[in-house]
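A short write-up of the structure that comes next.
The values are calculated or read from the model by the stated rules, or taken from the named source; none is laboratory data. This is a predicted model, so every value here is computed, not measured. Cβ atoms come from the backbone with ideal geometry, glycine included; neighbour counts cover every protein chain shown. The accessibility values were calculated without ligands, DNA or RNA, using every heavy atom of the protein model including side chains. Shrake-Rupley method; radii C 1.70, N 1.55, O 1.52, S 1.80 Å.
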Amino acid sequence: MRYDLQPVGSRRSLLRFLLGSPLLLAARPMASTQELLEVVAQCEPDLSPVGELITSPKEAINVFDFQAVAKQALSPGHYAYLATGVDHERGLHANRAGFGRFALRPRRLVDVTGLDTTTKVLGTKLSCPIALAPAGMQTAFHPDGEVAVARAAKTTDQLQILSTGSGKSLDEVINARGESVWYMVATPRLWPVTRLQLLHAEEAGCPVAVLTIDYVGFGSQDRLRRLRGPGDPFRIRENKECRSCHGASEISQIGRILTAFGHDPLEVASDLFTLDWDYVDRIRDTTSMKLVLKGILTHEDASLAVEHGVDGLIISNHGARQMDNSISTIEILPEIVSAVDGRIPVMIDSGFRRGTDVFTALALGASAVCIGRPYLWGLAAFGQAGVEGALTIIRREFETVMRHMGTRDVASITADFVQST
Ligand SMILES: Cc1cc2nc3c(=O)[nH]c(=O)nc-3n(C[C@H](O)[C@H](O)[C@H](O)COP(=O)(O)O)c2cc1C
């Protein structure tokens with residue numbers, strides 16, 4: 001199969017794609033503050049504390065303390081971008097509710113002195129099995145965006161996966177991280193564009209390319225769309241602050257690359273974002289990086305991924321931001337682990353907020369967990385210090401659970417420690 005540059009298609013589709021992830025907002029008058037706050041209030045159900053907001057990361061009791069501050073700190077549009085699900089947002093609820101299907105079985109009187117949370121995934125050493133999921137346009141949450149996150153990943157020694165839609169360049173992020181990151185590729189089915197992204201990451205020394213495979217349609221992010229005026233998806237009924245963050249130059253890297261190849265990024269058809277297994281093969285055969293697929297949700301696709309020589313998986317429903325009504329990722333994990341049967345590492349994300357969540361996934365066979373919104377709440381609330389704060393809390397919670405469970409290291413976390421309820 002050949003993958004040439006394709007003729008242009010629907011302008012609206014790409015507009016929606018670009019809006020769906022690396023947020024591109026522009027100014028328009030005007031909804032009342034009350035109206036905007038009501039939209040924000042409907043965003044992700046949370047455990048935000050009732051009462052005073054924390055004023056420093058050290059005061060945080062759990063990651064939801066950062067969410068509460070983020071909600072106040074961000075403009076309604078940016079908060080909606082961070083929080084939004086799709087359609088009825090059943091997926092957001094399901095991702096959290098899924099953890100209720102499993103209970104932990106602690107073992108007592110086990111010596112856990114010298115607790116060891118380190119592990120290794122695809123050759124990358126992790127200080128604990130919690131990684132930072134890729135998220136586009138983090139400069140919407142803090143001016144330092146992905147660079148602040150990279151600094152926090154450095155001080156906490158955690159794996160960062162950088163989105164193609166990053167608000168900062170790969171080089172800036174690697175400099176701030178002090179070592180390489182995994183690079184998430186979201187590519188249209190335009191081989192020169194894909195190749196350029198892969199080369200860019202290879203040359204920067206990224207050991208792993210994470211191919212996001214669920215950018216295939218444009219789920220209706222109602223919360224976010226409600227902030228837009230009718231007719232023009234680029235316009236948001238908010239304030240001039242949007243234009244100051246999203247100048248014309250700040251289009252996603254996909255947009256920049258498409259432009260470099262002579263495509264009008266606003267004119268590329270959404271069909272082009274539909275990849276297939278042949279395209280995965282082509283990427284696998286071309287790149288020297290290890291290839292991880294992000295967005296697998298069934299054992300059938302997990303088995304196909306192994307057959308196609310993929311190096312690893314991230315089970316993900318994109319934090320319930322792409323399609324509604326999918327089962328929670330934690331509930332799918334066992335069937336996928338069983339299908340993969342240890343042949344490649346299986347990572348997971350979507351809805352992880354607590355150390356117990358991380359432990360449950362590991363007990364069910366995951367190699368590591370990625371978190372999205374919690375570290376972005378930290379970023380929005382306090383920049384680098386907030387990211388460090390959120391990561392430290394989840395990690396501390398995970399260590400506490402390990403102690404309770406009688407597991408001294410990551411390898412000893414097995415299926416014996418979890419049961420279905
Ligand atoms: C604001 C935001 C932007 C995101 N951008 C991307 C992206 O560019 N590429 C991608 O593969 N996933 C993206 N995701 C999804 C995350 O990688 C991850 O799958 C999800 O956030 C995990 O769910 P959680 O937020 O409930 O932890 C984004 C998520 C958020 C919240």
>> Condition first: open to solvent by less than 10 Å² (accessible area, probe 1.4 Å) and more than 15 Å from the ligand (Cβ to nearest atom). Now tell me which residues in segment 152-193 satisfy that.
In response: 152, 190, 193
> Could we say that residue 369 is farther than 24 Å from residue 64 by Cα and not hydroxyl-bearing (Ser, Thr, Tyr) here?
Replying inline: no
> What is the residue count in segment 109-145 for residues that are of a type in the set (Asp, Glu) and within 11 Å of the ligand (Cβ to nearest atom)?
Replying inline: 0
>> Looking at (1) assigned to a helix (DSSP H, G or I); (2) over 22 Å from the mean Cα position of the chain (by Cα); (3) not small (Gly, Ala, Ser), which one does residue 407 not meet, given that it meets all the others?
In response: (1)
> Taking segment 182-200, which residues are hydrophobic (A, V, I, L, M, F, W, C) and assigned to a helix (DSSP H, G or I)?
Replying inline: 191, 193, 196, 198, 199
> over 16 Å from the mean Cα position of the chain (by Cα), open to solvent by 10 Å² or more (accessible area, probe 1.4 Å) and within 16 Å of the ligand (Cβ to nearest atom) - does that describe any residue in segment 302-323?
Replying inline: no
> Condition test on residue 149, is it β-branched (Val, Ile, Thr), buried (at least 24 other Cβ atoms within 10 Å of the Cβ) and under 22 Å from residue 318 (Cβ atoms)?
Replying inline: yes
